[in-house]
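Working notes, beginning with the structure itself.
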Ligand code: EPU
């Protein structure tokens, strides 16, 4: 299995280009199932999760070809309504096919994704919303079995603003008869991007990006060309790395509007940040200042940036409290960062981070995607050599991360064993 080896202490300098967003690309590629023509997607990141969704879509009958960052999908041959365990267990976002399969084939059999390293992650709200749209749902032998001769527009209230839940329901409701309102919908930019892509295909969705989304069902949708929005979490990860190493980095091809909470916290931590139209220039401070963080749904501070920010706080002056309110088990990185000398104690869903002058390189183990990124950041800042093991998580969600850090001057390499 590959590992990433870093020699820390180098200030990152230069420009890094941000790739297309994984969490926007996944639902947008899935939305191709809503048409029977050939859609074209550009700025699609080259990631393991994208390979997984392409494999799932082709298993369902879609034809897919890829060239560079362009993916073309023709779901005219959609004929299989079953998403098997072996594919879904590799990537939870596979559950996104449930809504489109119901809308197009009137039935779906999709493996329950189960929990993962960061929490139990149930899909009850996806299922309740689909039932509100008129689907009958049964759970049998680890599978969701859903049927609906006709989906009908409905008032859906989500107990929690679930991101993929909102996306699943938007896709199901797009071809339903009548109007659907999703209340307490998630507001993440990836949802707005999906709605924009679907409206380009002939759907009628209003209010995406707010907590109340209105979907007027249409009888059919057409193929379209869609460019994937930049990855705000990848951008935030590089911005944090620049601040952490006292570097001077221009993060380009990004969307500053999507990064407000991260920019705010980095500024409070002492980083100098200049915002341009599609780029952000970050200059790290001489001394990092501790700030408190509470993860929130968008536009609050993203849970997907919590681990990376914790590494920044681990070498800040003072004490910072980092509270995780989205997932119940997203602190697994702490024991690994502590092995590098960090002083962190956990109390309930909060981590109390007492800044230390320096982290020290060590062999560490990655537990999930964002934890992997945080350990690489720790390695870039630490004195000496760090080996991040089990990095397959990283390849699920960061395109060429070690190459991008290398271009910024980092001493980083991938080693295959
Ligand atoms: N939840 C429920 N019931 C549901 C759905 C969600 O209780 O039916 C709970 C979850 O257990 C969690 C909270 O609601 O406590 C929020 O979960 P959400 O459904 O919003 O998360 P998700 O859609 O499964 C997406 C991203 C995650 C990101 C979260 C939160 C994709 C493919 N995944 O997950 O991304 O952390 O939203 O912003 O969009 C990552 O990229 O590393 C990643 C984990």
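Any read-out appearing in this document is the output of simple, stated calculations on the displayed coordinates, not a laboratory observation. Just so you know, these numbers come straight off a predicted model, no measurement behind them. Cβ coordinates were reconstructed from backbone atoms using ideal geometry, including for glycine residues, and neighbour counts include every protein chain displayed.
Which whole-number percentage describes the relative contact order of segment 116-273, with Cα contacts under 8 Å and a sequence gap of 6 or more?
Rounded, it is 16 percent for segment 116-273.
So how far, in whole Å, is the C-alpha centre of segment 103-180 from the one of segment 353-371?
So the two Cα centres are separated by 38 Å.
Share of antiparallel DSSP beta bridges in segment 22-227, in percent to the nearest 5?
Close to 75 percent.
Assuming R0 = 56 Å, can you tell me the calculated FRET efficiency for the pair residue 124 and residue 11, based on Cβ-Cβ distance, to the nearest 0.05?
That pair, residue 124 with residue 11, gives E of 0.75.
Measuring from label point to label point, each 7 Å out along Cα→Cβ, what is the residue 257 to residue 413 span in nm?
4.4
Rounded, prolate or oblate for segment 87-167? Axes are the square roots of the Cα gyration tensor eigenvalues, ordered a ≥ b ≥ c, and the cut-off for rounded is a/c under 1.5. Walk me through the intermediate numbers first.
Working: a/c = 1.94, a/b = 1.29, b/c = 1.50.
Oblate, because a/c is 1.5 or more while a/b does not exceed b/c.
Using a ≥ b ≥ c from the Cα gyration tensor of segment 160-241 (square roots of the eigenvalues), is it rounded, prolate or oblate, where a/c under 1.5 gives rounded and otherwise the larger of a/b and b/c decides, a/b for prolate?
Because a/c hits 1.5 or more and a/b fails to exceed b/c, segment 160-241 counts as oblate.
Have a look at 286, 86, 69 and tell me which one the Gaussian network model of the chain (Cα, springs below 10 Å) gives the largest fluctuation.
Result: 86 has the largest fluctuation of those listed.
Using the number of other C-beta atoms within 10 angstrom as an exposure proxy, rank 18, 273 with the fewest first.
Details: 18 27, 273 19.
Fewest-to-most ranking of 18, 273: 273, 18.
Work out how much length residue 317 to residue 335 would gain on full extension: take 0.36 nm times their residue separation and subtract the Cα-Cα distance, in nm to one decimal.
Using 0.36 nm per residue and subtracting the Cα-Cα distance, I get 4.4 nm.
Which residue, 226, 71, 262, tops the fluctuation ranking in a GNM of the chain built on C-alpha contacts under 10 Å?
Checking each option, the largest mean-square fluctuation is seen for 71.
What value, in deg cm²/dmol to 500, does the helix sum -39500 (n - 2.57) over DSSP H runs of n ≥ 4 give at 222 nm once divided by the residues of the chain?
About -9000 deg cm²/dmol.
Running a GNM on the chain with Cα contacts under 10 Å, which residue among 379, 355, 318 ends up with the highest mean-square fluctuation?
Of 379, 355, 318, the Gaussian network model singles out 318 as fluctuating most.
Given the C-alpha centroids of segment 26-101 and segment 268-282, what is the distance between them in whole angstrom?
With segment 26-101 and segment 268-282 each reduced to a Cα centre, they are spaced 35 Å.
Give me the angle, in degrees from 0 to 90, between the Cα long axis of helix 232-244 and the longest principal axis of the Cα atoms of the chain, rounded to the nearest 10.
Roughly 0 degrees, rounded to the nearest 10.
Once the Cα atoms of helix 163-174 and of the chain are each reduced to a long axis, what angle between those two axes, in degrees from 0 to 90 to the nearest 10, is obtained?
20
What does the extension gain come out to for residue 65 and residue 403, with contour length at 0.36 nm per residue minus their alpha carbon separation? It would help to have the intermediate numbers written out before the result.
On the way: separation 338, 0.36 × 338 = 121.68 nm, distance 2.55 nm.
So the chain would gain 119.1 nm between residue 65 and residue 403.
Counting pairs of alpha carbon atoms under 8 Å apart in space and at least six apart in sequence, what relative contact order in percent does the chain give?
With pairs under 8 Å counted, the relative contact order is 22 percent.
Relative contact order of segment 22-227: what whole-number percent is it, with Cα pairs under 8 angstrom and at least 6 residues apart?
In percent, rounded to a whole number, it is 21.
Can you bin the chain into rounded, prolate or oblate? Criterion: square roots of the alpha carbon gyration tensor eigenvalues sorted a ≥ b ≥ c, rounded for a/c under 1.5, prolate for a/b above b/c, oblate for the rest.
It is prolate, given that a/c is not under 1.5 and a/b is the larger ratio.
If you average the alpha carbon positions of segment 372-415 and of segment 221-247, how far apart do those two centres end up, in angstrom?
17
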